[in-house]
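What follows is a short report on a single structure.
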Amino acid sequence: MKIAFFDTKPYDKTWTVPLSAQYGYEIKFFEHKLNVDTAALTKGYDVVCAFVNDTLSSDVIDILYNMGVKLIAMRCAGYNNVDFKSAYNKINVVRVPSYSPHSVAEHAAALMLSLNRKIHRAYGRTRDNNFSINGLMGIDLNGKTAGIVGTGKIGQVFLGICKGFGMKTIAYDPYPVDNPDFEYVSLNNLFELSDIISLHCPLTPETKHLVNADRLARMKPEALLINTSRGALVNTHALIEALRASKIGGAGLDVYEEEEEYFFEDFSNEVLIDDDLARLLSFPNVLITSHQGFFTREAMQEIAAVTMKNIHAFENGETLENEVCYRCGTACVKKEGHKRCF
C-alpha cells in the first residue's frame, strides 16, 4: 500500500514511520494541506491520510478518485471536512473515533483553570518582573455549576474532572447516556444555569453555531465558555460582541471557526490579517491555544496505531469498523451488517 500523508508535522513522522515499516507500507509525507491545488500529488497512491484542516470537498474527492485513491484515512475523530456524498461509491473513508478522551478533557480543564485564575496573564507579568496580582482574581470552582454540551467519552471524562473539583454537573445531549450520574437539562437551561460551559460535541449541520447570540445572552455575566471540539460550534462574531459588551466572563478556545489558515503553523514574524482572530486575541479574558487538545504522547501513539489498523483492514478486505459512510442523504457510521459502506 502506498500512502500520501498530508499536512505533515515532525511529530507525525515520529509515531507513523515505525508502524508503517511494520506493515510494509510506503509513505510519502507532504507538508502541504490537502486541497484542490495539492490533490493531484496523490497520483499513484492507494491511500490518502488527512487531518482536521485538510479539505476533502467534492472537487478534491473527484481528483483523488481519478488519481486512483481507494481510501481516505482520517487521522482524527472529526469528519466535518469530508464531503461524504461525493465519496460514496468512490472512496471509502475511515477515521480514528477514539484515541484518548482524557487528552482533550484534560486540556479543557487546563483552559478552564487557567482562564479562571488568569494564569496566562500572571505568567506574562512575572516574566516582566511584575508581581502585582491586581486584576487576577478568580472564583472557587467548588460548588459552582459546570454545563457540558455532549456526553460522549470526552464529555464524560470532563464531567468526572469537574466533579473532582466539587462542582455540580449538568449536561445536554440529544442522545443521552443510560443511567447517568448527572442531570440532563435543556440546552437553553444549561446556558442559563452554568458557571462553566464546555463543548464536547461534533460539528454537524445541526450543531453549527450552536453557541449564538441568543445563547450567549443567556449566560451569566461571569460565566466562562470552553471549546475544545470544533470552532464552528461557536458563532465568532456573536462571541466577539458578547465579550466586547462584557456579557460573559471569558472564553477558552482550542479551536477557531476559521482556523485552517493559521492553526499548526508559525506566523510569528507576520501580520495577522484575520480580523476576528486578532480581535479575540486582544481580549484579556480570552485564552486561545492552537488545537492542541489531542496532543499527548498517548493520544498520538493511539492515532497512529488505529490509522495503520484501518488501512490494514481495508487492504485485506476486512470489516472497516471505523468507516464513516454516506446513506440516505446523511453521514452515518451504520453499515447494517455489511463489511463496508459500499
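The values are calculated or read from the model by the stated rules, or taken from the named source; none is laboratory data. What you see is a predicted model; the values in this text were computed from it and never measured. Counting neighbours? That spans all protein chains shown, and the Cβs are built from the backbone with ideal geometry, glycine included. For accessibility, only protein heavy atoms count, side chains too; no ligands or nucleic acids. Shrake-Rupley method; radii C 1.70, N 1.55, O 1.52, S 1.80 Å.
Worth pointing out:
- The helices (runs of 4 or more DSSP H) located wholly in region 106-213 that include 1 or more residues which are charged (D, E, K, R) and under 22 Å from Arg230 (Cβ atoms) occupy 153-164.
- Checking Cys332, Cys325 one by one, the residue that is surrounded by 18 or more Cβ atoms within 10 Å (Cβ to Cβ) and modelled with pLDDT under 95 is Cys325 and no other.
- Restricting region 120-138 to residues that are without any contact (Cβ under 8 Å) to a residue 60 or more places away in the chain and either within 23 Å of Gly160 (Cα to Cα) or among the basic types (Lys, Arg) (or both), the residue that is least open to solvent (accessible area, probe 1.4 Å): Gly138
- Residue in region 104-119 that is among the basic types (Lys, Arg) and within 21 Å of Met308 (Cα to Cα) present: no
Rundown of residues vs (1) in contact with an Asp or Glu (Cβ under 7 Å, 6 or more places away or on another chain); (2) within 24 Å of Leu187 (Cα to Cα); (3) open to solvent by less than 20 Å² (accessible area, probe 1.4 Å); (4) at pLDDT below 95, yes/no style:
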| site | (1), (2), (3), (4) |
| --- | --- |
| Arg215 | no, yes, no, no |
| Thr228 | yes, yes, yes, no |
| Leu233 | no, yes, yes, no |
| Ser246 | no, yes, no, no |
| Gly252 | no, yes, yes, no |
| Tyr256 | no, yes, yes, no |
| Arg279 | no, no, no, no |
| Ile288 | no, no, no, no |
| His291 | yes, no, yes, no |
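- Here is the figure for region 61-86: residues that are among the aliphatic types (A, V, I, L, M) and assigned to a helix (DSSP H, G or I) total 4.
- Residue satisfying condition, being closer than 21 Å to Phe294 by Cβ and at pLDDT 95 or above, within set Gly155, Gly143, Gly166: Gly155
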